[in-house]
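Asks: Questions regarding the structure given below will be posed in turn.
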Ligand code: KG4
Ligand code: ZN
């Protein structure tokens with residue numbers, strides 16, 4: 001008999017409180033029956049970054065609301081869920097704890113299995129939810145908190161081919177915007193400013209391109225930008241619109257160059273074993289950047305690899321990816337019990353050394 005599974009997912013590892021219901025019948029494509037994301041941007045705006053304690057309290061207040069909305073929109077009650085999935089890490093510990101406690105309460109109260117999900121696995125499995133991509137595929141996670149290449153061979157089989165050793169690119173975009181007096185989040189405003197800019201006017205470094213492998217570094221770009229900006233201010237007493245545009249364009253081009261070249265190397269490693277239908281997938285807010293997206297698509301095309309970028313609402317933090325990852329784990333016969341722990345750090349690839357640094361949005365795992 002073909003079995004239909006319906007899973008409620010919860011996500012609260014950063015600054016979005018999210019709940020979603022995902023359903024799959026047999027091997028048909030999974031369907032998102034609801035996906036609710038309650039943001040907290042206004043609570044953190046005055047502080048220039050996410051404040052963990054404020055985030056944790058807001059999650060505790062909003063989780064119930066998000067779950068209620070997700071169940072109502074799906075039109076299916078908790079009693080008909082097959083499992084409750086929840087992000088159990090990595091992330092800001094207060095928020096993760098709020099989600100795990102809420103999920104334990106729901107699962108116990110309704111007598112449902114509990115499935116703990118690694119937030120990065122949620123992102124990494126999204127191409128299977130959106131495009132039914134077969135294993136193995138290469139995933140580039142590129143957001144405000146993450147930047148890593150993952151070779152995805154199975155629902156619990158991830159090999160990290162490389163990642164940032166300091167800032168995530170989104171974080172660098174946000175800092176760049178702050179230094180140039182542009183609005184937050186920085187990615188979109190730097191991208192808009194860069195449209196009118198000359199990327200060649202200022203010399204930006206291309207960090208770690210001279211080093212073998214797929215590791216990346218973005219904090220030097222921000223330092224370079226700070227120096228260039230201060231020099232202009234010292235010389236002319238301020239920045240013109242042209243200066244801002246040229247600095248934005250130069251910075252953005254440097255990020256795109258680094259990501260494109262490192263993606264080429266990660267793809268070469270991925271293609272070292274024969275793959276019938278090779279795929280490069282991206283996730284994370286930075287994947288919204290037109291230049292970066294175009295450069296990644298070009299590299300994939302040159303190497304004979306399909307390029308998949310899920311819709312932005314599924315690239316950024318959401319609970320549909322958690323519900324879907326929970327569904328895959330549950331279908332594979334896996335679940336957790338009430339000892340499920342909230343983990344601030346939780347590397348997907350247990351064999352790789354952990355990455356350095358901890359971004360504004362918590363541990364990079
Ligand atoms: O995935 P996301 O919504 O949240 C996490 O970081 O988990 O990513 C947000 C990041 C922010 O740093 C934002 O500045 C960046 O993605 N971003 C962009 C663009 N849109 C959002 N970066 C570059 N270009 C964009 N168009
Ligand atoms: Zn994320």
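Computed from the coordinates by the stated procedures, all read-outs in this text should not be read as laboratory data. What you see is a predicted model; the values in this text were computed from it and never measured. Heads up, the Cβs are rebuilt from the backbone with ideal geometry, glycines too, and the neighbour counts pull from every protein chain shown.
Asks: Quick one: angle between helix 52-74 and the longest Cα principal axis of the chain, in degrees between 0 and 90, rounded to 10, please.
Replies: 50 degrees
Asks: Additional query: Would you mind getting me the FRET efficiency between residue 101 and residue 200? Use the beta-carbon distance for r and R0 = 45 Å, nearest 0.05. Spell out each step's value before the answer.
Replies: Values: r = 53 Å, r/R0 = 1.17.
The calculated FRET efficiency here is 0.30.
Asks: Moving to a separate point now. Cα axis of helix 290-302 to longest principal axis of the chain: angle in degrees, 0 to 90, nearest 10?
Replies: The two axes meet at around 80 degrees.
Asks: In addition: For segment 137-312, treating each Cα as an identical point scatterer without solvent, what Debye log10 I(q)/I(0) comes out at q = 0.13, 0.14, 0.17 1/Å?
Replies: These q points yield log10 I(q)/I(0) values of -0.62, -0.71, -0.99.
Asks: Quote the relative contact order of the chain in percent (integer), defining contacts as alpha-carbon pairs under 8 Å separated by 6+ residues. Could you put the intermediate results ahead of the total?
Replies: Values: 816 pairs, mean separation 89.8, N = 365.
The normalised contact order for the chain reaches 25 percent.
Asks: Take peptides 76-83, 258-265, 322-329 and line them up by average Cβ neighbours within 10 Å, highest first, as a rough protection proxy. Provide the component values of the computation, followed by the final result.
Replies: On the way: 76-83: 16.4, 258-265: 20.8, 322-329: 29.5.
So the order, starting with the most tightly packed, is 322-329, 258-265, 76-83.
Asks: Which parts of segment 159-184 would a label at residue 235 reach, counting a residue when its backbone N lies under 20 Å from a point 7 Å out along Cα-to-Cβ?
Replies: From segment 159-184, the list is 179-181.
Asks: With axes computed from alpha carbons, what is the tilt in degrees of helix 320-331 against the longest principal axis of the chain, rounded to the nearest 10 within 0 to 90?
Replies: Taking the Cα atoms of the chain, the angle to 320-331 is about 50 degrees.
Asks: Here is a further query. Once you have the Cα-Cα distance between residue 350 and residue 183, take 0.36 nm times their residue separation minus that, and quote the gain in nm to one decimal. Write out the running numbers ahead of the final one.
Replies: Numbers: separation 167, 0.36 × 167 = 60.12 nm, distance 3.78 nm.
Residue separation times 0.36 nm, minus the Cα-Cα distance, leaves 56.3 nm.
Asks: What nm value, rounded to one decimal, do you get for the distance between residue 290 and residue 273 when each label is placed 7 Å out toward the C-beta?
Replies: 3.9 nm
Asks: Return 217, 35, 13, 313 ranked ascending by Cβ neighbour count within 10 Å, so the fewest neighbours appear first. Kindly include the intermediate steps, with their values, before the conclusion.
Replies: Values: 217 20, 35 24, 13 35, 313 12.
So the residues, fewest neighbours to most, are 313, 217, 35, 13.
Asks: Of all DSSP beta bridges located in segment 137-312, what percent are antiparallel, nearest 5?
Replies: On the way: 12 of 20 bridges.
The antiparallel proportion sits near 60 percent.
Asks: Starting with the fewest neighbours, write out 302, 42 ranked by other beta-carbon atoms found within 10 Å of each beta-carbon.
Replies: Numbers: 302 10, 42 7.
Arranged by neighbour count, lowest to highest, 302, 42 become 42, 302.
Asks: State, as an integer percentage, the relative contact order of segment 137-312 based on alpha-carbon contacts under 8 Å between residues 6 or more apart. Mind dumping the intermediate values first?
Replies: On the way: 322 pairs, mean separation 47.4, N = 176.
For segment 137-312, the relative contact order is 27 percent.
Asks: With each label point set 7 Å from Cα along the Cα-Cβ vector, what nm distance links residue 41 and residue 80?
Replies: Result: 3.5 nm between the two label points.
Asks: If I stretch the segment between residue 153 and residue 307 completely, what's the gain in nm (0.36 nm per residue apart, minus their alpha carbon distance), one decimal?
Replies: On the way: separation 154, 0.36 × 154 = 55.44 nm, distance 1.72 nm.
Residue separation times 0.36 nm, minus the Cα-Cα distance, leaves 53.7 nm.
Asks: While we're here: So between residue 131 and residue 339, what do we pick up on full extension, going 0.36 nm a residue minus the alpha carbon distance?
Replies: Full extension of this stretch gives 71.5 nm more.
Asks: Determine, from the Cβ-Cβ distance of residue 242 and residue 65 and an R0 of 51 Å, the FRET efficiency 1/(1 + (r/R0)^6), rounded to the nearest 0.05.
Replies: Numbers: r = 46 Å, r/R0 = 0.90.
The calculated FRET efficiency here is 0.65.
Asks: Something else now. What are the principal axis extents of the Cα atoms in the chain, in Å, biggest first?
Replies: 70, 50, 34
Asks: Enter the mean projected area of the convex hull around the alpha-carbon atoms of segment 66-202, in nm², rounded to one decimal.
Replies: Over all viewing directions, segment 66-202 projects a mean Cα-hull area of 11.9 nm².
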